[in-house]
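The values are calculated or read from the model by the stated rules, or taken from the named source; none is laboratory data. Model, not experiment: these values are computed from the prediction. With ideal geometry, Cβ positions are generated from the backbone for all residues, glycine too; neighbour counts draw on all protein chains shown. These area figures cover heavy atoms from the full protein model, side chains too; ligands, DNA and RNA do not enter into them. Shrake-Rupley method; radii C 1.70, N 1.55, O 1.52, S 1.80 Å.
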Amino acid sequence: MSGGGFAGLTAATALAQRGWSVRLHERSPELRTEGAGIVLWNNSLQVIDAIKAGPDLMSRSMTPPAYETRMNNVIQSQETLDGIRWRTLTRPHLFQTLLVAAREAGVEVVAGSEVVGASPDGTIRFANGDSAEADLIIGADGVGSAVRDSLDIPLKRERSRDGITRFLVPRRKAELQALEPDTEWDNVIDFWNLDPRVLRVLYTPANDEELYIALMSPAADADGSRVPIDLDLWTSVFPQLAPVLEDAAKTPGRYYGYQTTRLDHWTEGKVALIGDAAHAMCPALAQGAGCAMQNAWTLAVAATEADDIPAALIDWERLERPYTDIAQDRSQWYADTREMAKGNQFQGDSVVTATYNPTDPHRHEVHA
Ligand SMILES: Cc1cc2nc3c(=O)[nH]c(=O)nc-3n(C[C@H](O)[C@H](O)[C@H](O)COP(=O)(O)OP(=O)(O)OC[C@H]3O[C@@H](n4cnc5c(N)ncnc54)[C@H](O)[C@@H]3O)c2cc1C
């Protein structure tokens, strides 16, 4: 296994729990995650339950009362998402939850070990010149995947014109309430401004103490994308968020662009790609990690049941990829059009992947 992010940790745990001997190679000297907060939906929450990490995850996460969308501070929609399972949490909490599950399952984690490539016959190669043989190699090494690139799989890359700077800050609920008493500050609130300037704050409570805020602006807007953030600019557009923007301004932060990568195929012989290595996507639907975890789980199940690993991997991609393709396409469309600003987004194609249950063994049965 190459890569100890959400995809790699989930696949490693699911395989080890099924009796595989799993070694996970992580390039960084220590295992950790970048970013601030995250939203998970039914597809990944089912996987968390299946790897028995549900109680840990639930202990420090929440389901906000509604997903609210505002344009120029006018409420467009307040979607209660009835019937859709979702949780908000911090990335460090998700990461720790998965790392504990991996260690409990017996995964051998090798930090400071860089993978440089893999071959379809099951050989994995390392930066220190070593190589090893395996029955299954998983490239979960992120958007710049060395495993993927070593296989020369044709890919199309579409970069977004917008980017995001993310922060974890204290909730400061009482101060926010004092500024805007009628607002439900436990909601996720997607504050959009498109005219005269494209600036957006995605406000996501992650638990009782921590708030995840993501500040979006076009890459072409030098002031909007500057880090540390331009506090005067952001508070002039979002005065009701001043207390939490002040905290964000004290943090260096990093402005991230995002992209969609579409691969011709995800598997080659005994090698499979999952997560951003296979299907990086724009964050509009908050499904990059969700798809990574769902594909990690289904891959582990398919490989365990297989007599012939290469054939099973091809079949796995055929059955599972459509759910990721839908999320990627829809996320790219939202990034291109900024239609999310109109609200009422949780319907049709936008919830197909969110409501998918990858752990249901009967999910691909066709009923007459
Ligand atoms: C702004 C933003 C907001 C997002 N919000 C959400 C959200 O709310 N919900 C959601 O589901 N998704 C969200 N995503 C997407 C999500 O963060 C990613 O899809 C997910 O983290 C990908 O996980 P991964 O394990 O595939 O890759 P990564 O997290 O990139 O992990 C890859 C790992 O591999 C390691 N590695 C890299 N190269 C090598 C190598 N050569 N050898 C060994 N190890 C290597 C890296 O160090 C890293 O640890 C968001 C993304 C962005 C940019």
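Using heavy atoms of the protein chains and a probe of 1.4 Å, the accessible area assigned to Ser59 is about 90 Å². These residues, Arg60, Arg254, go from largest to smallest accessible area, 1.4 Å probe, as Arg254, Arg60.
Per residue, what accessible area does region 105-248 have, given a 1.4 Å probe and all protein chains present, in Å²? Please report the intermediate quantities before stating the final value.
Numbers: 6190 Å² over 144 residues.
Heavy-atom accessible area per residue stands at 43 Å².
With all protein chains in place and a 1.4 Å probe, the accessible surface of region 210-368 carries 51 percent carbon and sulfur. What is the diffusion coefficient of the chain in µm²/s, taking the Kirkwood radius over Cα pairs and the Stokes-Einstein relation at 37 °C with a viscosity of 0.692 mPa s? Translational D for this selection: 155 µm²/s.
Considering only protein heavy atoms, with the full assembly of protein chains and a 1.4 angstrom probe, order Asp186, Asp82, Asp264 by accessible area, largest first.
Working: Asp186 40, Asp82 130, Asp264 100 Å².
I get Asp82, Asp264, Asp186, largest accessible area first.
The H on the amide N of Gly163, modeled in the peptide plane, is under 5 Å from the matching H of Ser217, Ala219, each at least 5 residues off or on a different chain. Relative contact order of region 109-257: 21 percent, from C-alpha pairs under 8 Å at least 6 residues apart in sequence.
Only Cα pairs under 8 Å and 6+ residues apart enter the sum, and on that basis the relative contact order of region 210-368 stands at 17 percent. Taking every full run of DSSP H in the chain, the ones that stretch at least 20 Å from end to end by Cα along their long axis and average 0.0 or higher on the Kyte-Doolittle scale are 91-105, 288-305. Taking the accessible area of region 6-153, probe 1.4 Å, and keeping the other protein chains in place, the carbon and sulfur fraction comes to 44%.
Solvent-accessible surface of region 308-368, averaged per residue with a 1.4 angstrom probe and all protein chains in place: 51 square angstrom. For the chain, a Gaussian network of Cα nodes joined below 10 Å ranks Arg91, Arg197, Arg171 by mean-square fluctuation, and the top entry is Arg197. Projecting the Cα atoms of Ala50, Ala220, Ala11 onto the charge dipole of the chain, computed from C-beta unit charges around the Cα centre, puts Ala220 farthest toward the positive end. Residue order by solvent-accessible surface for Met58, Met340 is Met58, Met340, largest first, with ligands and nucleic acids left out and a 1.4 Å probe.
Between region 112-164 and region 71-93, how many Å separate their Cα centres? After rounding, the separation between the Cα centres reads 34 Å.
Explain nothing, just the number: relative contact order of the chain, from Cα pairs under 8 Å at least 6 residues apart, as a whole percent.
Details: 780 pairs, mean separation 85.6, N = 368.
Worked out over the chain, it gives 23 percent.
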